[in-house]
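The values are calculated or read from the model by the stated rules, or taken from the named source; none is laboratory data. On a predicted model such as this, the values are computed, not experimentally measured, just so you know. Cβ atoms come from the backbone with ideal geometry, glycine included; neighbour counts cover every protein chain shown. All accessible areas refer to the heavy atoms of the entire protein, side chains included, with ligands and DNA or RNA removed. Shrake-Rupley method; radii C 1.70, N 1.55, O 1.52, S 1.80 Å.
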Amino acid sequence: MSLIRNVGTIGGLTAISRVFGFARDMLLARVLGAGLVADAFQLAFTLPNTFRRLFAEGAFSVAFVPMYSRALHGSDGKPGSEEAAEKFADDVLAVFVWVLFGFSALAMVFMPGIVWLLAREYGTVAGKFELSVLLSRMTFPYLFFISLVAMLSGLLNARSRFGPGAFAPVLLNIFLISGILIGRELRGGSTDDTVVGYSLAAAVSFSGVAQFLYLWWESRRAGVRLKVTMPKLTPEVRRMGALILPATFGAGIYQISQLVDTFFATSLPQGSLSLLKLADRLNQMPLGIVGIALGTAILPMLSRHIHTGDAKEAQRLQTNAFEIATLLTLPAAMALAVCAPAFCTAFFVGGKFTAADGAIMANIVVALVVGLPAYVVVKILNPGFFAREDTRTPVWTALTSLIFNVAVNLYVVNRYGIVGLAAATAASASLNCLLLYAMLHKRGWFRFTAKLGGRIARQLIATAAMGAALWWAMPLMANRYAGSVFDRVWSLSALVGLGMVVFFAVAWISGALDEDLVKLLKRRRPKRNKSDDEILEVE
């Protein structure tokens, strides 16, 4: 129940962010379409975001959070303290700030080379390469501030305060929506979209500043008093540095695959990168709400159980996380796959985004969501290694999957274009998931039980029933998905409502919902013990 409560907090706030993100992408599609400026901005937005996920939310968090949690709560019978945790955080911040500043400055200086490595084909289109470089330089300061946001979120997460870190992305989407609207007004009646690109790129960096100020304020409210001191390479800082490098790769297979996909997508016809990124937003909705929420919630809790030697609770926690992940992502993947044409048409087609663009995007969505369950499960398998400060094993599984991804892309991109590229990403994520579980099972750190297998089998039955119902209902409203706003809203609402009713009805009847989830659905009030993050019973 503690896991469910924390996941609910993070997932709920992430869902709010995703709603704003949908509004952002709908505006972006209509204002820019899938053309030159849209491709240039998507590349400029991808670069700092990828490094953020790799270094900050990925490597830094998985190395920092367990060590900070150990300093705060203690381990192996040794007590923790606020003083020890504060000193460790200050030492890390003193080094981290300068590393971030230096990396960001160098990246901005060498941005033409970075863009050339990822999108050399842009040089064949007049002005596209130069615009991509300029917009990337404008967005890159975002990395500095959002990485500090990730550190502050880690501090709060270790104290079981998950809300502020989950809410911060809402500010990003609010700034980007504002950037689109301001850029559209400045463009006026002109057909030149460049000013919209400038406005969007500036909004990205300003949003980083806003998120940092918000998390700093929340940290002060939580009693965290960070100080920027002279950098010192203490033993703990050096240990964290040794963990970060392999964690960068191990935690970031999805992000590294995104860079690989970006490289291949920029070699395809104009608009391909924009269509891929917009399709991935649909895929990211359940991934962000479920996968990131579970991964964020499970890491500090799992670290605590492992450090206190409670292997039984660690297994129970991972089993519960696995069950919640499949319960929510299996139907999400099925719904997205079956209803992709309806979603893409209703959400994005309009303005400069054509029906032909929507049809291609729907095929990309179908290919991506095949790997959605694997994307989410990886988020709950990786903490099994990171909580034990083993960041090397995920490196090897990630490297194997990445090599597989590149090899498959070399074969499918020329034959199947952007859809083949998306399918290769899904296949590599699935391979990574299988390899991670095999290693956890071999070491006895997590085992797939018969009870868990039976529960997932029941979930699959409910998912199949929902998929059949949606397949039947989709053609009945085919002329509504591209109609008026009212038509789009009620037709999608009918599909979503039908899918939810069928899935949860069959899940309830078949026993796919466990007792804790049933209690949560009944909204009974939890009774807490003295700990802030453990719920003992439900009244």
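Can you name the residue in the stretch 427-455 that is farther than 23 Å from Tyr411 by Cα and of a type in the set (Gly, Ala, Ser) and, of all such residues, is surrounded by the fewest Cβ atoms within 10 Å (Cβ to Cβ)? Residue satisfying both the conditions and the ranking: Ala450. Determine whether Gly197 is open to solvent by less than 10 Å² (accessible area, probe 1.4 Å) and under 21 Å from Leu131 (Cα atoms). So Gly197 passes the test.
Out of all the residues in the stretch 328-344, which are under 19 Å from Tyr437 (Cα atoms) and open to solvent by 10 Å² or more (accessible area, probe 1.4 Å)? If the condition is that a residue be under 19 Å from Tyr437 (Cα atoms) and open to solvent by 10 Å² or more (accessible area, probe 1.4 Å), then Leu330 is the only one that fits. Of all residues in the stretch 200-240, those being free of Cβ contacts under 8 Å to residues at least 40 places away in the same chain and in contact with a helix residue (DSSP H, G or I) (Cβ under 7 Å, 6 or more places away or on another chain) number 3. Take the residues of the stretch 98-127 that are closer than 20 Å to Phe144 by Cα and β-branched (Val, Ile, Thr): which is least open to solvent (accessible area, probe 1.4 Å)? This residue is Val115.
Considering only residues of the stretch 449-508 that are part of a loop (DSSP other than H, G, I, E, B) and not basic (Lys, Arg), which is nearest to Thr354 (Cα to Cα)? Result: Ala482.
Go through the stretch 167-186 and count every residue that is open to solvent by less than 40 Å² (accessible area, probe 1.4 Å) and more than 11 Å from Gly21 (Cα to Cα).
4
If you scan the stretch 353-395, which residues turn out to be touching a Cys at 6+ places or on another chain (Cβ under 7 Å), closer than 27 Å to Gly417 by Cβ and of a type outside the set (Gly, Ala, Ser)? Result: Met361, Val365, Val378.
If the condition is being part of a loop (DSSP other than H, G, I, E, B), among the β-branched types (Val, Ile, Thr) and closer than 18 Å to Ser430 by Cα, then the stretch 353-402 contributes only Val370.
Restricting attention to the stretch 343-391 and to residues that are touching a residue at least 60 places away in the same chain (Cβ under 8 Å) and acidic (Asp, Glu), the residue that is farthest from Ala63 (Cα to Cα) turns out to be Asp357.
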